[in-house]
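Each remark here refers to the structure printed beneath this line.
The values are calculated or read from the model by the stated rules, or taken from the named source; none is laboratory data. Quantities reported herein were computed from a predicted structural model and do not represent experimental measurements. Counting neighbours? That spans all protein chains shown, and the Cβs are built from the backbone with ideal geometry, glycine included.
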Amino acid sequence: MEQKPQQPPPPPQPPQGWANPGPWALFSIAVLTGCAGFFQAGLIPPTTAPLLVGILVACILPQLVAGLINFQRGEILIGTLNGVFGTVATIGIALTTWMLITAPKPGAITPEIMGPFNIVLFLAMEIAAVGFGRMSWFIMLGIAEVGVAFLAFGLGMLVLGGWLLIIFAVFCLYLGAAILWGEVFQRPVLPLGRPVFK
């Protein structure tokens with residue numbers, strides 16, 4: 001009985017719809033929080049502040065576009081977080097930092113308004129962290145941790161806030177790698193932990 005020649009496997013089908021923009025956004029957040037953290041923790045000189053503004057501005061687009069893509073994908077929680085980071089947090093901090101740097105004389109602009117600004121961001125991050133508890137305890141803790149960094153800034157504890165941002169940058173790199181490798185290899189590569197809430 002003659003064997004039929006084997007047919008070659010079908011070519012891989014292109015993904016339908018939008019791909020996951022998470023790694024792109026997370027890596028950009030890691031860049032901005034890492035640089036801002038080093039600055040606020042006093043690990044680099046204050047004379048580099050104008051360059052920090054440029055870094056913050058460069059990191060706006062990935063977060064904002066990723067947020068719009070996530071909304072298109074129906075992922076309201078991640079889209080909201082991308083949007084808050086890409087607009088309110090990053091643009092707000094970049095503009096206010098630039099205003100302080102370019103003030104006509106020392107004391108002409110004072111930063112007290114940044115206290116309420118950062119405290120409200122703290123509350124927003126803690127609210128979002130509860131939602132991420134449905135995905136993973138690790139993600140929930142990471143989002144809650146950056147909220148504490150904003151609280152530290154709001155209370156004037158800049159060095160502590162800087163170190164917390166550095167930790168958050170490491171978290172973003174890990175989470176971005178976990179999502180990226182999971183998508184590429186089509187299986188979990190880095191563990192993210194179990195959900196906290198059902």
Got a number for residues in the range 89-141 being among the β-branched types (V, I, T), closer than 30 Å to K198 by Cα and under 15 Å from the mean Cα position of the chain (by Cα)? 1
Condition check: small (G, A, S), in a helix (DSSP H, G or I) and free of Cβ contacts under 8 Å to residues at least 24 places away in the same chain. Does A89 satisfy that? no
List every residue pair whose Cβ atoms lie under 9 Å apart, where the two residues are 6 or more positions apart in sequence or sit on different chains, the first residue falls within the range 111-129 and is under 15 Å from L100 (Cα atoms) and without any contact (Cβ under 8 Å) to a residue 24 or more places away in the chain, and the second residue, located anywhere, is of a type outside the set (A, V, I, L, M) and buried (at least 17 other Cβ atoms within 10 Å of the Cβ). none
Return the total of residues in the range 122-143 being surrounded by fewer than 18 Cβ atoms within 10 Å (Cβ to Cβ), under 14 Å from L175 (Cβ atoms) and either modelled with pLDDT of 95 or more or not hydrophobic (A, V, I, L, M, F, W, C) (or both). 2
